[in-house]
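*Asks:* Below is a structure I'd like to ask you about.
What follows is calculated from the coordinates using simple rules that are stated; it is not laboratory data. All figures in this text were calculated on a predicted structure; none of them were measured in a lab. For neighbour counting, all protein chains shown are included, and Cβ atoms are generated from backbone atoms with ideal geometry for every residue, glycine included.
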Amino acid sequence: MVSLATSTFSRNLCPRPSLPYAVRALGTTLLRLHPKPTSWGPLSSSLKSCSAHFSASNFKFSKSPNETLGSRDDLVVLGIETSCDDTAAAIVRSNGDILSQVVSSQADLLARYGGVAPKMAEGAHMQVIDQVVQDALENANLTERDLSAVAVTIGPGLSLCLRVGVQKARKIAGSHNLPIVGVHHMEAHALVARLIEKDLQFPFMALLISGGHNLLILARDLGHYIQLGTTIDDAIGEAYDKTAKWLGLDMRRSGGPAIEELAREGDAKAVKFSTPMKQHKDCNFSYAGLKTQVRLAIESRNINAEIPISSASSEDRSSRADIAASFQRVAVLHLEERCERAIEWALKIEPSIKHLVVSGGVASNQYVRAQLDQVVKKKSLQLVCPPPSLCTDNGVMVAWTGLEHFCMGRYDPPPPANEPEDYVYDLRPRWPLGEEYSEGRSEARSLRTARIHPSLTSLIQASMQQQS
Ligand code: KG4
Ligand code: ZN
């Protein structure tokens, strides 16, 4: 278990409240929580009026708002993340201090199966969730009674895994009469950048690159996103992981870091891989074809993944390193090309954009950062990359995003203290962040649309329209 306690970042949280109504984050009911704010008042006063209206729901706040919420710099939120294979919890204060951060990763399972098996991942989350949350509280020198709210990832992700985190969050919130905020995992990857970069105001762009997602978004406001591009098949992290597995690399830290390390020894021009989707002048991604090219290259060189890289001959090792470097060059070139076009599109919609945020597990890669830095400089923008521990899945991003929404009055009241074990939670395994940019629609996209939840942006927009 990795346990980090940091308090180096400091940032005032509360943005100008531009979305006047609250969305019940964990349910689908939209509640009117407070009247349109006329000026940027202190958070506590806007939240005060929010909570006063909770009588409309099944639950009521029993504490007075002042008792519950404190001043706006003093809000303390526990964030819980279990959407994939990391069990994470963290405590963040609304002034930006990270009071604790704990991550338990399923490294052994990942190494054994070369990927995430949902049922095993669920079991692993269940084994450690209590300890991870307890460590987060202890490292912060706090108890549940000191918390202002609990934030938890409700999607997208693996249902079985999401359920473990949501159950834990609701148990804590129910026992301690705390409000609860349901968080969108990809929004959290993007917004954590606002915790570390004081100047990062809306609107900004974000490239979110992880094991399950490749997203290019224009973040116009909190909860308001335009999707400029997404993957039509696999995400870049999946391509890194499969390449690492086929090259016989040590997967214990996941495939990405292993490829990044080996690629440093290789010749990135040695193997000619073609860049995906060259003929499609849009901002979508595809990594399935590149994966196939890599597999064929490995087969044609008779590389045996059963022989770990540590036991490979020097000739074999250098052949594997060439493939790793060549794969990485083309995988990242695809990102560069899409980002360049997306920046042009985004600047047409929002000419005031100054930043491109790059986040998600793959954003911890130094080569990715360096290449994308060149792209943004060419376009006179600034690159914002959270530190690696905040790029990969973590509880800080969930706590911070929970805080951002909490400040705007978007949260659920405390669940009942004795919620039954078989309660059906509102989990959103397939949950888009925003609506697709209409001019960027691609014929190449053939995404399954079944069982997709309405996007976060559309839910928030609908609630605003309902109230206007
Ligand atoms: O965001 P994340 O922790 O979990 C998901 O939401 O998927 O991302 C995990 C992905 C994995 O595919 C992993 O191989 C990749 O991020 N990754 C990297 C690096 N570190 C993690 N990929 C490339 N280079 C890295 N240094
Ligand atoms: Zn992630």
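*Asks:* Starting with the fewest neighbours, write out Asp97, Asp199, Asp221 ranked by other beta-carbon atoms found within 10 Å of each beta-carbon.
*Replies:* Numbers: Asp97 18, Asp199 10, Asp221 15.
Ordered from fewest to most neighbouring Cβ atoms within 10 Å, Asp97, Asp199, Asp221 come out as Asp199, Asp221, Asp97.
*Asks:* Please arrange Tyr425, Tyr287, Tyr411 by counting, for each residue, the other beta carbons lying within 10 Å of its beta carbon, fewest first.
*Replies:* Tyr425, Tyr287, Tyr411
*Asks:* Quick one: what do you get for segment 361-405 if you divide its Cα Rg by 2.2 N^0.38 Å?
*Replies:* Numbers: Rg = 12.8 Å, N = 45, 2.2 N^0.38 = 9.3 Å.
The reported ratio for this selection is 1.37.
*Asks:* Given contacts defined as C-alpha pairs under 8 Å and at least six residues apart, what's the relative contact order of segment 327-425, whole-number percent?
*Replies:* Values: 66 pairs, mean separation 24.6, N = 99.
Computed over segment 327-425, the figure is 25 percent.
*Asks:* Another question, then. Using only the Cα atoms of segment 337-462, construct the convex hull and provide its projected area averaged over every direction, in square nanometres to one decimal.
*Replies:* Numbers: hull surface 44.9 nm².
Hull-based average projected area comes out at 11.2 nm².
*Asks:* Mind listing the long-range amide H neighbours of Gln382? Cut-off is under 5 Å, sequence gap 5 or more, other chains count too, H placed in the peptide plane at 1.01 Å from N.
*Replies:* Counting only residues 5 or more places away or on other chains, the set is His355, Leu356.
*Asks:* How big is the equivalent ellipsoid of segment 104-224 along its three axes, where each semi-axis is √(5λ) from the Cα gyration tensor, reported in whole Å from largest to smallest? Walk me through the intermediate numbers first.
*Replies:* On the way: eigenvalues 130, 102, 35 Å².
Equivalent-ellipsoid dimensions as semi-axes: 25, 23, 13 Å.
*Asks:* Could you state the per residue volume, in Å³, of the convex hull enclosing the Cα atoms of segment 266-329?
*Replies:* On the way: hull volume 5.8 nm³, N = 64.
Per-residue hull volume (Cα only) is 91 Å³.
*Asks:* Something else now. Test of understanding: what is the full-extension gain from Ser311 to Asn418, defined as 0.36 nm times their sequence separation minus their Cα-Cα distance?
*Replies:* Working: separation 107, 0.36 × 107 = 38.52 nm, distance 5.47 nm.
Full extension from Ser311 to Asn418 adds 33.0 nm.
*Asks:* At 10 °C and a viscosity of 1.306 mPa s, what translational diffusion coefficient does Stokes-Einstein give for segment 219-369, taking Rh as the Kirkwood radius over Cα pairs? Give it in µm²/s as a whole number. Please report the intermediate quantities before stating the final value.
*Replies:* Numbers: Rh = 16.4 Å.
It diffuses with D of about 97 µm²/s by this estimate.
*Asks:* Once phi is turned into ³J(HN,Hα) by the Karplus curve 6.51 cos²θ - 1.76 cosθ + 1.60 with θ = phi - 60°, what whole-Hz value does each residue of segment 245-254 show in order, with x for glycine and proline?
*Replies:* 5, 5, 8, x, 8, 6, 8, 5, 9, 6
*Asks:* Cross-link list Lys242/Lys272; Lys119/Lys198; Lys119/Lys242; Lys281/Lys379; Lys168/Lys242; Lys245/Lys281: which exceed 29 angstrom alpha carbon to alpha carbon? Provide the component values of the computation, followed by the final result.
*Replies:* Numbers: Lys242/Lys272 18 Å; Lys119/Lys198 40 Å; Lys119/Lys242 20 Å; Lys281/Lys379 18 Å; Lys168/Lys242 32 Å; Lys245/Lys281 32 Å.
Checking Cα-Cα distances, Lys119/Lys198; Lys168/Lys242; Lys245/Lys281 exceed 29 Å.
*Asks:* Between Glu265 and Glu144, with labels modelled 7 Å along Cα→Cβ, what's the label distance in nm to one decimal, could you check?
*Replies:* Calculated label separation equals 5.0 nm.
*Asks:* For segment 215-318, calculate the relative contact order in percent as a whole number, restricting contacts to Cα pairs under 8 Å that are 6 or more residues apart.
*Replies:* On the way: 119 pairs, mean separation 33.1, N = 104.
Result for segment 215-318 is 32 percent.
*Asks:* Also: Taking only the alpha-carbon atoms of segment 290-394, what semi-axes of the equivalent ellipsoid follow from 5 times the gyration tensor eigenvalues under a square root, in whole Å, largest first? Mind dumping the intermediate values first?
*Replies:* Numbers: eigenvalues 237, 49, 23 Å².
Semi-axes, largest first: 34, 16, 11 Å.
*Asks:* Arrange the following residues from fewest to most other Cβ atoms within 10 Å of their Cβ: Thr401, Thr275, Thr457. Walk me through the numbers on the way to the answer.
*Replies:* Working: Thr401 30, Thr275 14, Thr457 23.
By the 10 Å Cβ count, ascending, the order reads Thr275, Thr457, Thr401.
*Asks:* Taking the Cα centre of segment 308-466 as origin and charging only Cβ (+1 Lys, Arg; -1 Asp, Glu), how large is the dipole, in debye to the nearest 20? Mind showing how you got there, number by number?
*Replies:* Values: 18 positive and 20 negative charges, 114 e Å.
With only Lys, Arg, Asp and Glu charged at Cβ, the dipole is about 540 debye.
*Asks:* Can you list the trypsin sites (Lys or Arg not before Pro) in segment 294-354 that are in a DSSP coil and have 16 or fewer other beta carbons within 10 angstrom? Numbers along the way, then the final one.
*Replies:* Numbers: sites: Arg295, Arg301, Arg317, Arg320, Arg329, Arg338, Arg341, Lys348, Lys354; in loops: Arg301, Lys354.
Listed in order of number, the matching sites are Arg301, Lys354.
*Asks:* When the convex hull of the C-alpha atoms of segment 195-290 is computed, what volume per residue in Å³ does it have?
*Replies:* Values: hull volume 14.6 nm³, N = 96.
Spelled out: Cα convex hull of segment 195-290, divided by residues, is 152 Å³.
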